[in-house]
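Each remark here refers to the structure printed beneath this line.
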Amino acid sequence: MEKVNKYNASLKEFLHYDRYELIAINVFWLGFIAYIASSTILSTKEMPFMLFQPLQLLGLAAIFASSAYLLKPNFESEYFKIFFFLFALWALVILFRGFSFNKNVLKLIFLNPWFGGMFYLVPLVVLFRKSFLLYKKLFSAIILLSVIFLLFSIMFRGILTEVIPDDLNRSVVEYFTKSLGITALFILFTHMYHSKTKNFFAFVVIVVVLILGVIRARRGLLFMAGLGLLMAGYIYFISAKSKLLSGTILLALLFFAVIGGVYVFLNVEMEALYYLQDRGVTDTRSGIEIYFYKDMQGLDWIIGRGMRGEYYCPTMESGNYRGTVETDYLNMILKGGIINLVLLLVILIPAIFLGLFSSKNYLTKAFALWILFWLINTHPSTVQVFTMNYFLVWFGVGVCYSPFIRSIPEEKMKSLFKPVE
């Protein structure tokens with residue numbers, strides 16, 4: 001009886017929110033969307049910085065102001081509490097090792113979501129009060145980002161689909177898809193909580209991501225989107241009432257996708273396909289990684305070189321030093337050493353196991369799979385950045401380490417997100 005009363009009290013707290021919390025969550029996500037949309041559109045180099053950088057700063061102000069209200073730490077796991085504070089402390093060390101009041105450094109830290117310093121603050125979202133409203137608004141933010149992705153893709157289709165590739169249109173495709181579009185996968189991961197319209201919309205967004213990946217031959221992006229669809233298919237299969245029907249549908253989709261892909265590659269004459277075939281067998285990583293391994297010294301491997309750490313890489317046209325490694329786990333080591341990577345793994349790996357094997361609902365399982373999805377992509381892509389992709393990881397950590405959220409039955413969770421069938 002006491003256990004039931006405790007669960008009911010926790011459920012009531014999970015569902016409760018006041019007007020100020022609603023405003024704070026809305027301001028947080030609107031600020032984040034304004035910041036990301038402005039940063040993404042600036043990557044095209046076709047929009048005036050003086051117009052969109054103030055919008056970035058306004059978005060940051062909204063994020064910081066709303067976060068001050070939403071931060072209500074409540075650790076339900078002592079293990080997580082200890083390692084989270086160690087990880088957060090080490091992140092501050094990395095950040096301040098590269099900090100300077102120089103104007104260009106400040107712009108890098110605050111206005112560059114990919115290679116600046118803002119992503120070191122993302123883990124703090126686990127300190128937000130865990131509420132149903134928070135996750136419901138999270139879904140709405142993903143949908144809004146996906147809408148912006150499609151609008152931007154139409155507006156800048158000339159850059160995205162230009163026949164002759166260059167560094168600009170390749171990077172713009174990366175920024176557009178990974179900053180705005182790729183997290184539509186999470187809608188598919190949690191398809192049981194959304195309408196058919198939203199699920200279909202998310203699927204269309206991922207198809208556009210795949211098309212852009214083919215056009216610009218972004219192998220990491222194609223791997224990310226393909227892996228995400230496979231994971232979404234797995235969740236669809238295990239959550240379906242009829243395993244036979246769902247399995248048949250998935251196999252049919254896979255069959256037609258493979259047949260269609262082979263047909264297009266063999267019969268359709270497109271410059272993009274030739275470019276993808278050529279890039280598919282070209283090794284563009286190992287040379288850079290070899291320079292990284294040669295330049296890193298003993299202590300560098302342990303503590304890294306700080307937020308603005310670089311390594312000798314004479315293949316760069318702009319200079320002999322490089323500040324990033326596309327293999328993201330190596331990038332984590334460059335900035336914060338093996339300490340940084342190990343602290344991250346001792347938090348994320350248990351979260352994955354708790355979410356997958358100690359949960360009664362698919363929301364937690366979806367978050368756990370997203371964390372795994374993100375970890376796998378630290379090899380082919382840069383994913384530890386200030387985007388929704390990384391936010392989902394830390395919201396997922398908070399959910400997976402919560403015994404209460406893991407204990408909510410699936411039928412109850414589904415009734416919360418879809419009260420009317």
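The values are calculated or read from the model by the stated rules, or taken from the named source; none is laboratory data. Keep in mind the model is a prediction, meaning the values are calculated, not measured. Positions of Cβ are generated from backbone atoms using ideal geometry, with glycine treated the same way; all protein chains shown enter the neighbour counts. Calculation scope for accessible area: heavy atoms of the full protein, side chains included, ligands and nucleic acids excluded. Shrake-Rupley method; radii C 1.70, N 1.55, O 1.52, S 1.80 Å.
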- Note on the structure: Relative contact order of the chain (C-alpha contacts under 8 Å, at least 6 apart) in percent is 19
- Task: In debye, nearest 20, what is the charge dipole magnitude of the range 306-403 about its Cα centre with +1 on Lys and Arg Cβ and -1 on Asp and Glu Cβ, if you could check?
- Result: 320
- Query: Quick one: if you stick a label point 7 Å off each Cα along the C-beta vector at Leu89 and Lys107, how many nm between them?
  - Reply: 3.6
- Query: Short version: ³J(HN,Hα) in whole Hz for each residue of the range 366-372, in order, from phi by Karplus 6.51 cos²θ - 1.76 cosθ + 1.60 (θ = phi - 60°), x for Gly and Pro, what are they?
  - Reply: 5, 4, 4, 5, 5, 4, 4
- Placing +1 at every Lys and Arg Cβ and -1 at every Asp and Glu Cβ, with all other atoms neutral, what dipole size does the chain have around its Cα centre, in debye to the nearest 20? 1180
- Per-residue HN-Hα couplings for the range 36-43, Karplus 6.51 cos²θ - 1.76 cosθ + 1.60 at θ = phi - 60°, whole Hz, x for Gly and Pro? 5, 4, 5, 4, 5, 5, 5, 5
- Task: Report the extension gain between Val204 and Lys241 in nm, rounded to one decimal, defined as 0.36 nm multiplied by the number of residues separating them, less their alpha carbon distance.
- Result: 10.9 nm
- Message: Rounded to the nearest 10 Å², what accessible area does Thr177 have for a 1.4 Å probe in the complete protein model?
- Response: 0
- Between Glu410 and Glu310, with labels modelled 7 Å along Cα→Cβ, what's the label distance in nm to one decimal, could you check? 5.3
- Item | Packing rank of 340-346, 13-19, where each peptide gets the mean count of other beta carbons within 10 Å, highest leading | 340-346, 13-19
- Query: For Asn320 and Asp18, what does the FRET efficiency come to when R0 = 56 Å and r is the distance between their Cβ atoms, rounded to the nearest 0.05?
  - Reply: 0.50
- Note on the structure: Rounded to a whole %, the carbon-and-sulfur portion of the accessible area of the range 53-121 at a 1.4 Å probe is 72
- Note on the structure: Taking Cα atoms only, Rg over Rh for the range 338-408 with Rh from the Kirkwood formula is 0.98
- Query: Working out 0.36 nm times the residue gap between Glu78 and Lys418, then minus their Cα-Cα distance, what length gain in nm do you get to one decimal?
  - Reply: 119.1 nm
- Violating pairs (Cα-Cα greater than 18 angstrom) within the set Lys198/Lys418; Lys137/Lys360; Lys81/Lys412: Lys137/Lys360; Lys81/Lys412
- Item | Helix-only CD estimate at 222 nm, as mean residue ellipticity for the chain, using -39500 (n - 2.57) per DSSP H run (n ≥ 4) | -23000 deg cm²/dmol
- Just reorder His379, His194 by solvent-accessible area, largest first, 1.4 Å probe, all chains present. His379, His194
- Query: Straight-line reach from Lys103: which lysines have Cα under 20 Å away, leaving out those fewer than 8 places along the same chain?
  - Reply: none
- Quick one: which residues, 5+ away or cross-chain, put their amide H under 5 Å from the amide H of Phe128? H built at 1.01 Å from N. Lys72
- Take the alpha carbon atoms of the range 88-140, find their center, do the same for the range 356-412, and report the distance between the two centers in whole angstrom. 18
- For the chain, with the dipole built from +1 on Lys and Arg beta-carbon atoms and -1 on Asp and Glu ones, taken about the Cα centre, which of Phe84, Leu133, Trp374 lies farthest toward the positive end? Leu133
- Query: Could you give the length gained on full extension between Thr161 and Leu345, defined as 0.36 nm per residue of separation minus the Cα-Cα distance, in nm?
  - Reply: 62.5 nm
- Can you list the residues, at least 5 places off or on another chain, whose amide H is less than 5 Å from the amide H of Ile408, using H built in the peptide plane? Lys360
- 19 Å cut-off, amide nitrogen to a point 7 angstrom out along Leu51 Cα→Cβ, residues in the range 174-191: 176
